[in-house]
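Here, each number is a calculation from the coordinates, and none is a lab measurement. Note that the coordinates shown come from a computational prediction; the quantities given were computed from them, not determined experimentally. Cβ placement follows ideal geometry from the backbone for every residue including glycine, while neighbour counts extend to all protein chains displayed.
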Amino acid sequence: MSGLLFVISGPSGVGKTTMVHEVVRRLGGEFSVSATTRARTARERDDVDYHFVDQATFQRYVDEDRFIEVAQVFGRNWYGTLTAQVTDALKAGKLIALDIDVQGAKNVKRRIPHAYAVFILPPNEDALLARLHARGREDEAAIERRFEEAKKEIDFAQTSGVYDAFVVNDDLEVAIDQLTDLVRGQLLAASRNG
Ligand code: ADP
Ligand code: 5GP
């Protein structure tokens, strides 16, 4: 089967991480581990969830041209997708999934137009706010900042033309099934087109 570059975006707390890992597991793909200057949370593992690096290391990676795209998210921390991870997976004919923000998705699409980009929507704003709280990862101020950013991201996603499809994550199992079907369809199409 041919490789596929699959981009997933959505507002913080919508359920992307939960969904993308399950889709990758079901379809036998790989998750692209980004580098970030953000602090690791208690539940996260270095080199599994992210490569957690300091500002100087991140800058060195930029200078060495190791990123396919970088973005400063929520106006503070830097995040970047490592080019080698993406190209190695594609060369090996694998599905590679990038959980990146709207700026990243736009930049990846510009460089690799046949990338398949899906945006995950919450059923409504209240549900999104509840999930940000339920995750219990940030303090109230950070949750408020992520919630305000979420509304702007959704607006951008719906008007920019960057995304090929939208999935509403209301019932998690249903949403994962829908996303799996969409990505499987793209994998099949990619393998038919060689
Ligand atoms: P993201 O990666 O988009 O920030 P997460 O995958 O970390 O989101 O999910 C945020 C929280 O919402 C987690 O506590 C997760 O278990 C929960 N969650 C995900 N999908 C749903 C859903 N459909 N209904 C209720 N809670 C959900
Ligand atoms: P979090 O801090 O919640 O893990 O991620 C915050 C945001 O950064 C999410 O929207 C996530 O998709 C995005 N993100 C994670 N890694 C990357 C990356 O390598 N590039 C870009 N552009 N965004 C990323």
Problem - Amide H contacts under 5 Å for D170, placed H, 5+ residues apart - result: A175
Practice task
Hey, could you get me the Stokes-Einstein D for the chain, Kirkwood radius over alpha-carbon pairs, 37 °C and 0.692 mPa s, rounded to whole µm² s⁻¹?
Solution key: 192
Fill in the blank from the handout: Per GNM of the chain with C-alpha springs under 10 angstrom, the most fluctuating residue out of P122, P11, P113 is P113
Handout entry: Within a Gaussian network of the chain (alpha carbon springs, distance under 10 Å), most fluctuating of V162, V23, V53
Key = V53
Practice task
Using 0.36 nm per residue of separation minus the Cα-Cα distance, give me the extension gain between A84 and R43 in nm, one decimal.
Solution key: 12.1 nm
Fill in the blank from the handout: Residue by residue through the range 178-186, the couplings from Karplus 6.51 cos²θ - 1.76 cosθ + 1.60 with θ = phi - 60°, in Hz, x for Gly and Pro, are 4, 5, 4, 4, 4, 5, 4, x, 5
Handout entry: Alpha-carbon Rg with Dmax, taken over the range 86-128, Å
Key = 13.4, 42
Problem - Near-label residues of the range 73-108 by backbone N, under 16 Å of a point 7 Å along Cα→Cβ of Q59 - result: 77-79
Problem - Under Karplus coefficients 6.51, -1.76 and 1.60, residue-wise ³J(HN,Hα) of the range 109-126 in Hz, glycine/proline x - result: 4, 5, 7, 10, x, 7, 4, 9, 10, 10, 10, 9, 9, x, x, 6, 5, 4
Exercise for the section: Treating cross-link reach as a plain straight distance, find the lysines whose alpha-carbon is under 26 Å from the alpha-carbon of K152, omitting any fewer than eight places away in the same chain. Expected result: K16, K106, K109
Exercise for the section: Please get the size of the charge dipole for the range 4-193, origin at its Cα centre, with Cβ charges of +1 on Lys and Arg and -1 on Asp and Glu, quoted in debye to the nearest 20. Expected result: 560
Exercise for the section: Report, in deg cm²/dmol and to the nearest 500, the calculated mean residue ellipticity at 222 nm for the chain, where each DSSP H run with n ≥ 4 adds -39500 (n - 2.57) and the sum is divided by the residue count. Expected result: -15500 deg cm²/dmol
Problem - Difference of contour (0.36 nm per residue) and Cα-Cα distance, N193 to S160 - result: 9.2 nm
Fill in the blank from the handout: Out of A35, A175, A117, a Gaussian network model of the chain with alpha-carbon springs under 10 Å gives the largest mean-square fluctuation to A175
